[in-house]
Structures are given as structure tokens and as C-alpha cells.
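Q: I have a structure I would like to understand better, so I am pasting it below and will then ask my questions one at a time.
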Amino acid sequence: MKQGPTIADVIERIRGLSASMGGVFSYGDLFNAIASGSAIKNKRMIKRLTREGVLFKVQRGYYVTKKPDLPSLACRLKPSVYVSMDSALAMNGIIGTVPEGTVSAVGPEIRKRTVEIPWGTIRFFSIKKYLIFGVSSLPNGVRIADNEKAYLDMLYFHAKGARFAIDPIHEVNVRKLNHKKLKKYLSFYRNPKFVRFVKGLADENT
């Protein structure tokens, strides 16, 4: 009778896959990695890996290894979101303060606003679908806002009371932004008060 993989075999497989997957695994990913030939055996192996600290269960259907890539986790948990605001601006060198251990992600119809794991926190922000633009995908599948959209998102949610690791009004190097693109993006917003607010900030910093 053919024996299934040992726990050592499975751990080695997961470690081999972890770098390319950002340390984030769906239930289906783990079933394929374990490949015991039995759904019951796969489930038992996942429970054992979780119990022994190899995996950490984030929510139903998703697990991570130690110190996973938080942007990857955000986009796997909610495929419609994109990394934005302080997180995107820090990744792109527009702000000097990196919000360590926290990722800000934006998407439509977000219900659960915060996901916390031992290695960090993901903050989800809900936005209307018509305000989703200026987003591209990185090679690892993470969707991220460009600098101008990240800045507008940050001001948008700051105006709604959200707080960040930096002051979005005074600590963003607006001179590094493409003001032509910023103006184009701003034309999509339907709140005249917000539009005037952003234009005033742009004028002060140019």
C-alpha cells in the first residue's frame, strides 16, 4: 500500500512554494502541496501543521506561514482590493515613513475592515466602484495603486476620519506626483468639497 507524504515532506514542499506565494496558501493550494491522495488525510495534515506552528489559519480557507507578505495576503483574501494609501506611497518611495506591520487596501463593498495576524494588520477600506482606477498588477499578483491614486485615496479616507502612520496633508512629497494625472483623476470624484480640498493642497505645494 502506497504511503502518503510525511510531515517533513510536506513542510519542505510548503517552504519551497512559500517564496513565490508570499507565504499565503488557500485550502486548495495546501491540498495540492500535500497530495496525500485522500481528502481526509489532507485535512488531518493541515490541522497538524497548524497545531505545530508551521501554518497559521487566517480565516476559513486561508493559511499563512510565518511572516507572510501582507500585500499578497490582502489581495488573496479579497481579490477585488488593491494596496493603496500609505502602503503604496511607502513602497514607491513617496513617503519616508514605512507603515511597518500594517497594510492599507481599498476595494468595493468591503465588510470586514480589519484582519489581524501575529505578524501584522491589514486595514480594508470600502470605496465605490466608479472610484477604482489607477491600479496595476505586480508580477506577484498584488494589485497596487499608482502614486496619484494612492494619495487621493489617503486624502479621501482621511477626510472621513481614518488615521495613518503619517499626516497625509503635511508629510507627503506632493512635488513627486504627476499633477496632470492627479487633475485627471480628481475629475472622477463627485464630491465638490473634496475636490476643492485636494486642489487647495496641490496649489500650496507647487
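All of the numbers you see were taken from the coordinates with simple rules; none came from a lab. Source: prediction; values computed, not measured. Neighbour counts are summed over all protein chains in view; Cβ atoms, including those assigned to glycine, are modelled from backbone coordinates with ideal geometry.
Q: Starting from the coordinates of the alpha-carbon atoms of segment 142-202, obtain the Kirkwood hydrodynamic radius over all distinct pairs and give the value in Å to one decimal.
A: Roughly 12.0 Å, rounded to one decimal.
Q: How big is the chain by Rg and Dmax over its Cα atoms, in Å?
A: Expressed in Å, the Cα Rg and Dmax of the chain come to 20.3, 75.
Q: Give me the percent of DSSP beta bridges within segment 70-204 that run antiparallel, rounded to the nearest 5.
A: Antiparallel bridges make up about 55 percent of those DSSP assigns within segment 70-204.
Q: Students often check this: by mean Cβ neighbours within 10 Å, which of 42-54, 159-171 ranks highest, and how do the rest follow?
A: So the order, starting with the most tightly packed, is 42-54, 159-171.
Q: Which whole-angstrom value gives the distance between the alpha carbon centres of segment 117-157 and segment 1-48?
A: Cα centres, segment 117-157 to segment 1-48: 31 Å.
Q: Just need the relative contact order of segment 7-64 here, percent rounded to a whole number, with Cα pairs under 8 Å and 6+ apart.
A: 36
Q: Still on this model: Quick check: the angle from helix 7-21's long axis to the longest principal axis of the chain, C-alpha only, nearest 10 degrees?
A: With both axes taken from Cα atoms, the answer is about 20 degrees.
Q: Now, a different point. Would you mind putting 146-153, 187-194, 67-74, 22-29 in packing order, based on average other-beta-carbon counts within 10 Å, highest first?
A: The densest-packed peptide leads the list: 146-153, 67-74, 22-29, 187-194.
Q: May I ask which of K66/K180; K129/K180; K112/K180; K78/K149; K160/K181 have a Cα-Cα span longer than 30 Å here?
A: K66/K180; K112/K180
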